[in-house]
Amino acid sequence: MAVNEPLPGTSDLWEPEVLDWINLEKQARNIFSRYGYTELRTPIFERTDVFVRNLGNETDVVQKEMYTFQDRGGRSLTLRPEGTAGVMRAIANKGLEQGEEARVFYFGPMFRGERPAAGRRRQFHQVGVEAVGSDSPWMDAECIAMLVHFLAELGIHGSRVLLNTRGLPEDRQAISQALLDYFQPHSNALCEDCQRRLSTNVWRMLDCKNPACHEIALGAPQILSLMGEASRTFFAEVCAGLTELGVEYELAPRMVRGLDYYVHTVFEITHPGLGAQDALAGGGRYRISLPGDKRTFEGIGFAAGMERLLLARESLGLQSPPSNRTDTYIVSLGAPAIPVGLRLAGELRQAGLGGRVKADFSNRSLKAQMRSANREGASRVLILGEAELSQSSVICRNMTTSEQVTLPVGELKNWFLQA
RNA sequence: GUGGCUGUAGCUCAGUUGGUUAGAGCGUCUGGUUGUGGCCCAGAAGGUCGCCGGUUCGAGCCCGGUCAGUCACCCCA
């Protein structure tokens with residue numbers, strides 16, 4: 001039993017759920033390509049430093065969530081915990097001309113060694129986009145609007161767009177200091193995590209969920225007001241762009257996203273149908289430098305959790321109904337009929353007739369085979385028995401109307417073509 | 001990694017104060033006279049009660065451990 005179960009946090013995916021996944025991928029390609037994005041597929045494992053370097057060594061993802069192993073040559077490799085790093089590596093490898101933009105989307109499995117919960121898996125799937133090479137705030141607005149468009153196309157209503165800015169790196173020092181000056185006096189009242197954050201990551205204290213910390217964080221200085229002119233102008237233009245595109249959003253001045261590489265815009269989309277992990281998607285503007293490359297790449301991107309998108313759809317009653325497995329079912333009565341049914345099935349498929357064709361090789365009674373045909377939802381049944389074999393004919397039964405006729409094999413095509 | 005809840009047939013679940021061969025519904029299979037599905041009827045198959053150990057004359061029921069699921073925390077998609 002247990003040996004056949006998938007590992008914790010992983011799962012087998014059967015129809016009809018698979019149909020929802022196919023549809024999700026189709027919609028992603030459909031929408032993102034309208035914005036000029038092209039699909040990129042990168043390996044699901046990379047050299048470990050690709051991730052450590054990009055995500056930041058102090059992040060939780062790097063510290064305790066990566067699936068890292070050594071290959072035979074002793075190199076440290078890691079199953080990708082997110083998509084951006086690999087995409088950036090691929091772009092750097094291909095090369096980006098000065099002034100050239102890369103706009104790509106991707107989807108696929110990601111791996112994080114976390115404890116599974118609602119909407120959280122160890123192997124999960126993300127659909128994401130990256131627009132690299134533009135430093136324009138209008139690009140941020142368009143990117144967020146594209147995500148909102150995508151959600152609408154999936155029928156996901158009721159989500160919220162939360163928006164904030166982290167400003168430019170040169171503003172960070174002053175802001176961190178101001179936050180530190182504010183939180184330090186309260187240190188005794190803070191939770192364990194936040195006491196540690198005082199020295200590691202003061203920003204993160206702003207969105208601590210601990211009630212006591214949250215209370216204190218409410219009185220913290222507004223980071224936006226501490227930023228320089230350039231940062232504030234950038235943010236204002238992102239907001240203006242969203243308004244221009246008719247995207248509704250909420251300012252979330254205390255939202256701080258986990259990864260170190262963000263500059264300026266950060267955003268998150270939440271949905272009430274998800275449970276405790278209510279983030280449907282998240283992203284922001286980033287600057288990334290790669291090992292062996294002197295350049296810094298700036299871009300804007302997001303990743304959406306595919307499981308969560310599906311959960312949100314489910315909470316709105318939008319999952320695919322179970323589908324029939326068979327359109328045409330071929331019943332063979334008696335051992336001599338079985339190879340004839342086999343051949344007939346092959347001919348139908350080659351001719352593109354009868355949709356999903358399944359032949360029954362079980363040599364069971366007619367009744368038993370008819371029951372199977374019915375259970376599988378077949379709309380047409382072809383019956384081959386002794387009498388039919390001797391005269392090269394076949395009984396053609398319409399399962400919806402229960403009408404049937406005996407036809408020479410040569411006339412089957414016409415029968416299939418009529419409704 | 002930490003905590004709460006759960007773990008009985010393919011599925012959904014019953015199993016009384018621990019006491020003889022562990023039950024139901026659905027599903028599956030077979031049959032209801034010569035070769036015809038869905039409805040109905042009859043019969044059958046299917047379970048080491050997650051696993052290991054303990055308490056007991058005796059445990060699906062009690063205790064401990066373990067594994068798995070689930071939800072929550074940390075964090076994130």
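Numbers below:
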read-out	value
Net length gained if the chain between A:R364 and A:T233 were fully extended (0.36 nm per residue, minus Cα distance)	39.5 nm
Area accessible to solvent at A:T265, 1.4 Å probe radius, in Å²	0
Å² per residue, accessible surface of chain A at 1.4 Å	51
Percent RCO, i.e. relative contact order, over segment A:12-100, from Cα pairs under 8 Å lying at least 6 residues apart	26
Full-extension gain in nm, A:E314 to A:E65, via 0.36 nm per residue minus C-alpha separation	86.8 nm
Carbon + sulfur, % of accessible area of chain A - ligands and nucleic acids excluded, 1.4 Å	50
Whole-percent pair-distance distribution, where bins are 10 Å wide, for the alpha carbons of segment A:1-130	11, 34, 35, 17, 2, 0
J(HN,Hα) series, segment A:274-280, from Karplus relation 6.51 cos²θ - 1.76 cosθ + 1.60, nearest Hz, glycine and proline x	9, x, 5, 8, 9, 7, 7
Helix-only CD estimate at 222 nm, as mean residue ellipticity for chain A, using -39500 (n - 2.57) per DSSP H run (n ≥ 4)	-11000 deg cm²/dmol
Simple label model, 7 Å out from Cα along Cβ direction - A:E15 to A:R160, nm	4.0
Sequence of A:Y106, A:Y67 when ordered by accessible area, the most exposed leading, probe 1.4 angstrom	A:Y67, A:Y106
Two-site label geometry, A:T296 and A:L218: point separation in nm, points 7 Å out along Cα→Cβ	3.7
Cut-off 20 Å, label 7 Å out along Cα→Cβ of A:R287, residues of segment A:145-175 by amide N	A:164-175
Area accessible to solvent at A:H214, 1.4 Å probe radius, in Å²	80
Distance histogram in 10 Å bins (all Cα pairs of segment A:1-62, percent per bin)	15, 22, 36, 25, 2
Net length gained if the chain between A:S33 and A:R115 were fully extended (0.36 nm per residue, minus Cα distance)	26.0 nm
Rel. contact order, % - alpha carbon contacts under 8 angstrom, at least six apart, segment A:252-386	21
Positive-end extreme of charge dipole, chain A - chosen from A:W203, A:N374, A:S315 (charges on Cβ)	A:N374
Accessible heavy-atom area order of A:Y182, A:Y286, highest first, probe of 1.4 Å	A:Y182, A:Y286
Computed Rg/Rh of segment A:218-306, alpha carbon atoms with Kirkwood Rh	0.99
Simple spin-label estimate for A:D193 and A:S392 in nanometres, 7 Å along Cα-Cβ	7.7
Anchor A:K294: lysines whose Cα lies under 28 Å away (excluding residues fewer than 8 positions away in-chain)	A:K94
Karplus (6.51, -1.76, 1.60) ³J(HN,Hα), θ = phi - 60°, over segment A:61-67, in Hz, Gly and Pro reported as x	4, 6, 5, 9, 10, 8, 8
Dipole in debye (nearest 20) - segment A:328-417, about Cα centre, beta carbon charges: Lys, Arg +1; Asp, Glu -1	320
Quotient of C-alpha Rg and 2.2 N^0.38 Å, computed over segment A:73-142	1.39
Surface accessible to a 1.4 Å probe, A:I216 within the full protein complex, Å²	20
Simple Cβ-charge dipole of chain A, Lys/Arg +1 and Asp/Glu -1, about Cα centre, in debye nearest 20	1200
Estimated FRET transfer efficiency (A:T401, A:K26; beta-carbon r; R0 30 Å; 0.05)	0.35
Two-decimal Rg to Rh for chain A - Kirkwood Rh, Cα set	1.13
Efficiency of FRET from Cβ geometry, A:Q173 and A:W138, R₀ 22 Å, rounded to 0.05	0.20
Rh (Kirkwood; distinct C-alpha pairs) - segment A:328-417, Å	12.7
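The values are calculated or read from the model by the stated rules, or taken from the named source; none is laboratory data. Please read these numbers as outputs of a predicted model, since none were measured by experiment. Don't worry about glycine lacking a Cβ; one is built from the backbone with ideal geometry, like all the others, and counts go over all protein chains shown. Ligands, DNA and RNA are excluded from the accessible area calculation, which covers all protein heavy atoms including side chains. Shrake-Rupley method; radii C 1.70, N 1.55, O 1.52, S 1.80 Å.
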